[in-house]
1. Can you tell me the orientation of helix 55-76 relative to the chain, as the angle in degrees between its alpha-carbon axis and the longest Cα principal axis, to the nearest 10?
2. With unit charges on the beta carbons (Lys and Arg positive, Asp and Glu negative) and the dipole taken about the Cα centre of the chain, which residue among G41, Q19, A77 sits farthest to the positive side?
3. Loop-only trypsin sites (Lys or Arg not before Pro) in region 8-77, please: DSSP not H, G, I, E or B, and at most 15 other Cβ atoms within 10 Å.
4. For the pair L29/R70, report the inter-label distance in nm, with labels modelled 7 Å from Cα in the Cβ direction.
5. Build a GNM of the chain with springs between Cα atoms under 10 Å: which of Q52, Q14, Q67 gets the top mean-square fluctuation?
6. Place a +1 charge on the Cβ of each Lys and Arg in the chain and a -1 charge on the Cβ of each Asp and Glu, then give the dipole magnitude about the Cα centre in debye, rounded to the nearest 20.
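FYI, it's all coordinate maths here, none of it is from the lab. The structure displayed is predicted, hence computed values, not measured ones. Here the Cβ is made from the backbone with ideal geometry for all residues, glycine too, and neighbour counts use every protein chain on show.
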Amino acid sequence: MTEARAETIEELAQEALEQLESIDTAEGLEGWRVAYLGRRGRLTLILRALPQLDLAQRRVAGARGNQAKRTLEEAMA
């Protein structure tokens, strides 16, 4: 389960970065931010589900999730 979740996090981050490259308006950027990093964003929902994993899986998936979040935030800035 950890590898599947980790792949999902990495695939989601890659998809988000690809979409970000094509955004050229402030409204588009805000929509992208909400879709991925907002309270009900795709990455946020994955990170909220981490407590359901066992401790070892949570550590791996949590680290990758946090790295993906930092990467997306930096790319947005």
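1. 10
2. Result: G41, furthest along the dipole toward the positive end.
3. Those satisfying the criteria are R39, R40.
4. For the pair L29/R70, the computed spacing is 2.2 nm.
5. Q52
6. 580
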